[in-house]
Structure formats: structure tokens, C-alpha cells
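Below you'll find the structure, written out as C-alpha cells, and then a few comments.
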Amino acid sequence: MVCVMDISDTFLQVCQREFVRIQVPEWVHEVRKGQQDVIPEYWQLGRRLPGQRNAAQRWAEHFGAICAEHGFENFQGGTIYRHRSGETYLSIHVDDIILVAS
């Protein structure tokens with residue numbers, strides 16, 4: 001059996017480890033003009049965004065931890081994971097996953 005998967009919003013699944021602030025876009029201020037609430041000048045990110053320097057690395061670490069929780073081990077230090085039963089394999093490339101099982 002071969003199953004191909006794509007994870008939508010991959011990087012948003014990963015918590016931000018570093019302190020990262022971004023300036024609130026001008027369009028947010030325009031949309032909220034006249035509202036009672038105060039819009040901060042900066043937002044602190046709680047999740048990874050595509051384009052962050054180490055987003056792919058943090059995603060790989062996050063995915064590896066999930067695999068380990070479910071009995072998969074990294075095979076030959078790359079992007080292939082093998083289940084401890086030896087009958088299921090995962091290959092991951094960023095947000096694309098191929099699962100092969102018997």
C-alpha cells in the first residue's frame with residue numbers, strides 16, 4: 001500500500017521557539033480604523049511562518065518528534081522513517097509525505 005499526503009499549513013503547526021516580532025501591516029490599521037480596541041504596533045509570533053530562516057528545520061524536528069511518539073525511528077539519519085514493526089515506512093519532503101506499508 002502506498003499513500004501520498006500533503007500537510008496544509010505545515011509551518012503553522014510548529015511553535016515558535018525564538019522571540020520573533022513583526023510589524024502589524026498597515027492594512028490591519030486601515031480595516032480596524034474607528035474600532036474601540038487598540039491595535040499594537042508589533043505582533044509576537046507564536047507559530048512558524050513560511051520564509052522564516054529555520055522554519056523547515058523546526059518542522060522536521062517537530063515531525064520527527066511526532067513520528068517517535070508513534071513508534072517510528074529515523075532511518076539512516078535522513079528523511080525516511082521506519083516503524084518499529086518494520087512493515088511501515090514514511091518518506092517526508094517538507095510538507096509532502098509518502099507512506100509505504102504492507
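Listing for the model above:
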quantity: Filter pass, Arg47 being more than 18 Å from Ile97 (Cβ to Cβ), basic (Lys, Arg) and in contact with a helix residue (DSSP H, G or I) (Cβ under 7 Å, 6 or more places away or on another chain); calculated: yes
quantity: Selected residue (criterion: farthest from the chain's Cα centre (by Cα)) from residues of segment 1-31 that are surrounded by fewer than 11 Cβ atoms within 10 Å (Cβ to Cβ) and polar (S, T, N, Q); calculated: Gln23
quantity: Selection count where residues are assigned to a loop (DSSP other than H, G, I, E, B) and either in contact with a strand residue (DSSP E or B) (Cβ under 9 Å, 6 or more places away or on another chain) or on the phi > 0 side of the Ramachandran plot (or both), scope segment 1-11; calculated: 3
quantity: Count of segment 67-99 residues which are under 16 Å from the mean Cα position of the chain (by Cα) and loosely packed, with under 11 Cβ neighbours inside 10 Å; calculated: 1
quantity: Yes/no for Gly34 being more than 17 Å from the chain's Cα centre (by Cα), more than 23 Å from Met1 (Cβ to Cβ) and either of a type outside the set (A, V, I, L, M, F, W, C) or surrounded by 13 or more Cβ atoms within 10 Å (Cβ to Cβ) (or both); calculated: yes
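Every number in this text was worked out from the coordinates using simple rules, so none of it is lab data. What you see is a predicted model; the values in this text were computed from it and never measured. So basically every Cβ, Gly included, is an ideal-geometry build from the backbone, and we count neighbours across all protein chains shown.
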